[in-house]
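Peer 1: First the structure, then my questions, so here it is.
The values are calculated or read from the model by the stated rules, or taken from the named source; none is laboratory data. Note that the coordinates shown come from a computational prediction; the quantities given were computed from them, not determined experimentally. Cβ sites come from the backbone with ideal geometry, for glycine too, and all protein chains shown count toward neighbours.
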């Protein structure tokens, strides 16, 4: 079931392009929101905070879908379906800083909250469609 | 259940921002892909072609979710959950040209296929979250 991204697709994930991530609500409908992302050795990592809709949904149903369009060329896109294989608080504070560096160019995530616990969500791609990457 | 977009959110839909639209697969998982969009008097319109994944999914389950980020400012975003209230071929060829004008600045949709039938999908927003639009 595992699928991998091409070199060009993984480049798009490592550039500061937003991903739009869908999770499943309790009633089976979907929810989509924009997230920062990192491609890590075959996995797609996002970073969220405990108590939000996404981790609640992922505790119930691990299936996700996501879509990325090159911020510099709308004809280049990657869409993925997959499953969450790990959710961990370990390293999640450092990871959100790393993403803030990537997307905002700052050393420390400016949206940090004293009461929120960050969590890294590791996604295994299962189906990958790439457009315009030839 | 119907919800409406604020004036500022509807502006974002009327500018050439991409929307990432989630539909539901037969197994209940989600699928997301980037689409052109228009805001029309309380409804969100997209344009697809019969036989593709999205209209097949929507024939089975009308529930959708979508996410839009301002192409000029990643802090401005709108996320929507809603349902498809109409799918029609009427006017769909003219509509894809209208969207090609909006997104590409051309009079005629360059991806037109002689064998594909275009369809307008009308979405009624039910929950709207706006970020950074104050």
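Peer 1: From A:60, A:76, which residue is under 20 Å from residue A:118 (Cα atoms), in contact with a strand residue (DSSP E or B) (Cβ under 8 Å, 6 or more places away or on another chain) and within 14 Å of another protein chain (Cβ to nearest Cβ)?
Peer 2: Numbers: A:76 fails: under 20 Å from residue A:118 (Cα atoms).
That would be A:60, the only listed residue that is under 20 Å from residue A:118 (Cα atoms), in contact with a strand residue (DSSP E or B) (Cβ under 8 Å, 6 or more places away or on another chain) and within 14 Å of another protein chain (Cβ to nearest Cβ).
Peer 1: From (1) more than 24 Å from residue A:61 (Cβ to Cβ); (2) surrounded by 21 or more Cβ atoms within 10 Å (Cβ to Cβ), pick out the condition that doesn't hold for residue B:64.
Peer 2: The one condition residue B:64 does not meet is (1).
Peer 1: Here is a further query. Does residue A:112 satisfy being surrounded by fewer than 19 Cβ atoms within 10 Å (Cβ to Cβ), at pLDDT below 95 and in contact with a helix residue (DSSP H, G or I) (Cβ under 8 Å, 6 or more places away or on another chain)?
Peer 2: yes
Peer 1: Let me ask something else. Please go through the stretch A:19-57 and give me each residue that is surrounded by fewer than 20 Cβ atoms within 10 Å (Cβ to Cβ) and at the interface with another protein chain (Cβ under 9 Å from one of its Cβ atoms), ordered by number.
Peer 2: Within the stretch A:19-57, A:25, A:27, A:28, A:34 meet the criteria.
Peer 1: From the list B:128, B:84, which one is in contact with a helix residue (DSSP H, G or I) (Cβ under 6 Å, 6 or more places away or on another chain) and either free of Cβ contacts under 8 Å to residues at least 60 places away in the same chain or within 30 Å of residue A:28 (Cα to Cα) (or both)? Spell out the reasoning first.
Peer 2: Details: B:128 fails: in contact with a helix residue (DSSP H, G or I) (Cβ under 6 Å, 6 or more places away or on another chain).
Going through B:128, B:84 in turn, the sole match is B:84.
Peer 1: Restricting the search to the stretch B:4-18, which residues are part of a loop (DSSP other than H, G, I, E, B) and away from chain A (no Cβ under 14 Å)? If you could, list the steps in order and put the result at the bottom.
Peer 2: Within the stretch B:4-18, the first condition is being part of a loop (DSSP other than H, G, I, E, B), and the residues that meet it are B:4-6, B:15-18.
Within the stretch B:4-18, B:4, B:5, B:6 qualify.
Peer 1: So residue A:66 passes all but one of these: (1) in a helix (DSSP H, G or I); (2) within 14 Å of another protein chain (Cβ to nearest Cβ). Which condition number does it fail?
Peer 2: Unmet for residue A:66, out of (1) in a helix (DSSP H, G or I); (2) within 14 Å of another protein chain (Cβ to nearest Cβ): (1).
Peer 1: Can you work out which of the residues in the stretch A:81-103 that are under 26 Å from residue A:117 (Cβ atoms) and assigned to a strand (DSSP E or B) is farthest from the other protein chains (Cβ to nearest Cβ)?
Peer 2: Among them, the one singled out is A:88.
Peer 1: A further question follows. Say whether the condition of being in a strand (DSSP E or B) and crowded, with 21+ Cβ neighbours inside 10 Å is met by at least one residue in the stretch A:126-133.
Peer 2: no
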